[in-house]
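Beneath this line is the structure, given in structure tokens, with notes to follow.
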Amino acid sequence: MEELLSLARDPHAWAALATLIVMEVVLGIDNLIFISILTNKLPEAKRSNARKIGIGLAVILRLVLLGGVAFIVQLTAPLFTLFNHGFSWRDLILIAGGLFLIWKATNEIHDNVAGEHPGVTTAAGAAGITVVGVIGQILLLDLVFSLDSIITAVGMTDDVPIMVIAVLVAVGLMIAAADPLARFIGNNPTIVMLALGFLLMIGGTLLAEGVGVKIPKGYIYAAMAFSALIEGLNMLVRRKRQKKPR
């Protein structure tokens with residue numbers, strides 16, 4: 001309790017908390033896009049619960065990882081060297097996560113291009129995906145993002161309570177935004193393809209970081225924001241054309 005009161009009186013702790021919350025929210029956007037696309041393939045009655053369960057389990061996963069933060073920091077130690085780059089457990093996890101995200105996004109793009117209307121769950125689609133399967137994929141990808149964010153957080157602060165509060169606040173915002181974002185993606189087919197493009201880019205970034213190529217995340221999110229802005233303008237143009245009398 002004394003430690004918490006001491007942190008509450010420390011302006012540097014508040015600055016670290018605000019920074020971590022922003023970082024967790026930004027990283028959460030990647031997760032929300034992935035969660036929205038996955039859960040939109042479920043029957044409509046199961047989508048909201050699947051999102052909440054997936055995000056809730058992701059919270060538990062992150063808190064467990066925070067509890068073993070001393071062990072997680074050790075995951076950055078090189079295991080072996082290949083092509084003059086020392087690969088650590090963190091690198092291998094990022095590579096696996098990047099490959100999984102690229103594979104998943106590519107499959108989803110193929111399904112959309114093949115002709116099945118995005119956002120509509122057919123009988124065949126419902127049979128091919130289950131709530132348990134969706135939640136499992138959510139947790140798999142969240143493990144990758146959580147590991148990366150926690151290692152980054154350790155570089156900002158050594159205080160675990162600050163990390164825990166930042167995670168809880170960010171996840172609370174994710175839960176609040178999950179349903180509206182999923183409905184928006186489901187109601188706008190072109191947004192689905194844009195979101196899948198984002199996932200491909202994020203997967204490529206994880207893969208690059210895993211092999212030692214550092215890509216500033218600011219560039220990635222700036223590109224995503226610019227693409228979203230252009231798509232927003234396209235949506236406005238389409239709506240105005242639809243409203244014009246013929």
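Only the coordinates and a few stated rules stand behind these numbers; no lab work does. Everything numeric here is computed off the predicted structure, so don't read it as measured data. With ideal geometry, Cβ positions are generated from the backbone for all residues, glycine too; neighbour counts draw on all protein chains shown.
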* Between ALA96 and ALA225, 0.36 nm times their residue separation minus their Cα-Cα distance comes to what? -> 43.8 nm
* Structure fact -> Note: VAL132 to LEU233 extended length (0.36 nm per residue) minus current alpha-carbon separation gives 32.7 nm
* Structure fact -> What the 5 Å binned alpha carbon P(r) of region 155-246 shows, as percent of pairs per bin from 0, is 2, 10, 12, 15, 19, 17, 11, 6, 3, 2, 1, 1, 0
* Identify the chymotrypsin sites (Phe, Trp or Tyr not before Pro) of region 199-231 meeting these criteria: DSSP loop state and at most 16 other C-beta atoms within 10 Å of the C-beta. => none
* Structure fact -> Simple SL model, points at 7 angstrom along Cα→Cβ for LYS46 and THR190; separation in nm is 3.2 nm
* Segment VAL164-ASN84, extension gain: residue separation times 0.36 nm, minus the distance between their alpha carbons -> 25.2 nm
